[in-house]
Amino acid sequence: MKKTGGIYIEGDENSSIDTLNIINNEISNVGNVGVASRSNQKYDGAEANPYHSSFESTSFKNVRVAFNSIHDIAKNAIFLRNIFGGVIERNVVYNTSTKCVDGGNSIVTARVKNTIIQYNEGYKNGNSSSAKDGAMLDADLYSLDTIWQYNYSHDNAFGLFINCTNKSDNVTVRFNLSINDMGNRGIICLNYAFNKIDIYNNTIISGTGSGLSAGLGLLLFEASVNATGKANVFNNIFYCRSENVKTSVPSSLNDINFYCNAIFDP
């Protein structure tokens, strides 16, 4: 359940937090998550979500997680839930998800709104044998209007970004750098439904391996059959260093749009 961690913030029902700073910490050798937040707030008997009119008044506001070094973590380095606004920035996370059998991405949001994830560095996600998770960044369920920008991903099992969003979520992924990620499920992977995802002005320099996905090779970009929604992929640079590099997009997805990208395959 990822309900313990190096620093773990939990709110009871009908509670909220205004102003929370988690800054300049070193968190290491943790058997669950590095930094995490969670609320037990219920709306009409269901777990809180950012589409409800009460979300702003009952969520965690003015949250900043910054300048932390988080490493040698069994599951996710940062997993923020129930955040309105807030920023995750200038953290260095590495050797993450070392004991998470089903996989785990390094920096994750869920049940958040208007949150920005920027200027973070993430490397050596430990899920080299997992087919589920292994990316630096994960817009998880109900990551409404989140922006993922200016992050540096390298040497991760999957790559830069994966989504596990809700079909109404809007997400922006821009100005990020990925170098030597292994592409086991796509350096950029669209995995669940969304309303709209804009992916632009990113630079991807692939690893040289063959990737985990059987027969597919190193995947620069992957979309699963569940990735319904409108995706705009434009103004990105893809530099391929693997001899067997590919993309994988099911023919049933007719609203994933690629344009104005530069692709180099020397």
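Please give the calculated 222 nm ellipticity per residue for the chain, where each DSSP H segment of at least 4 residues contributes -39500 (n - 2.57) and the sum is spread over every residue; nearest 500 deg cm²/dmol?
Details: 1 runs with 4 residues, N = 266.
Calculated from helices alone, the mean residue ellipticity at 222 nm is 0 deg cm²/dmol.
With an 8 Å cut-off on Cα pairs and a minimum separation of 6 or more residues, tell me the relative contact order of the range 102-255 in percent.
19 percent.
Leaving out ligands, DNA and RNA, and with a 1.4 Å probe, what % of the accessible surface on the range 71-211 is carbon or sulfur?
47 percent
For a quick protection proxy, order the peptides 223-232, 17-26, 164-173 by their average other-Cβ count within 10 Å, most packed first.
164-173, 223-232, 17-26
If one computes P(r) from the Cα atoms of the chain, what percent of pairs lie at distances over 34 Å? Before the final figure, lay out the partial values.
Values: 4538 of 35245 pairs.
That fraction is 13 percent.
With a cut-off of 20 Å, note down the residues of the range 56-97 whose backbone N falls inside the zone around a label point 7 Å from the Cα of THR19 toward its beta carbon.
The answer is 56-67, 83-89.
Suppose all protein chains stay in the model; what accessible area per residue would a 1.4 Å probe give for the chain, in Å²?
Ligands and nucleic acids excluded, the result is 41 Å² per residue.
Run the quick spin-label model on ASN232 and ASP255: label points 7 Å from Cα toward the beta carbon, then report their separation in nm to one decimal.
For ASN232 paired with ASP255, the spin-label model returns 1.4 nm.
Using modelled backbone amide H atoms (1.01 Å from N, in-plane), which distant-in-sequence or interchain residues come within less than 5 Å of ILE263's amide H?
Counting only residues 5 or more places away or on other chains, the set is PHE238.
For a test of understanding, tell me how many lysine pairs in the chain have Cα atoms under 12 Å apart, given they are 8 or more places apart or on different chains.
Qualifying lysine pairs in the chain: 7.
What is the magnitude of the charge dipole of the chain about its Cα centre, with +1 placed on the Cβ of each Lys and Arg, -1 on the Cβ of each Asp and Glu, and no other charges, expressed in debye to the nearest 20?
Taking the Cα centre of the chain as origin, the dipole is about 80 debye.
What is the gain in length, in nm to one decimal, between LYS61 and LEU177 on full extension, counting 0.36 nm per residue of separation less the C-alpha to C-alpha distance?
On the way: separation 116, 0.36 × 116 = 41.76 nm, distance 2.86 nm.
That works out to 38.9 nm of additional length.
The values are calculated or read from the model by the stated rules, or taken from the named source; none is laboratory data. Computed from a predicted structure; not experimentally measured. For neighbour counting, all protein chains shown are included, and Cβ atoms are generated from backbone atoms with ideal geometry for every residue, glycine included. All accessible areas refer to the heavy atoms of the entire protein, side chains included, with ligands and DNA or RNA removed. Shrake-Rupley method; radii C 1.70, N 1.55, O 1.52, S 1.80 Å.
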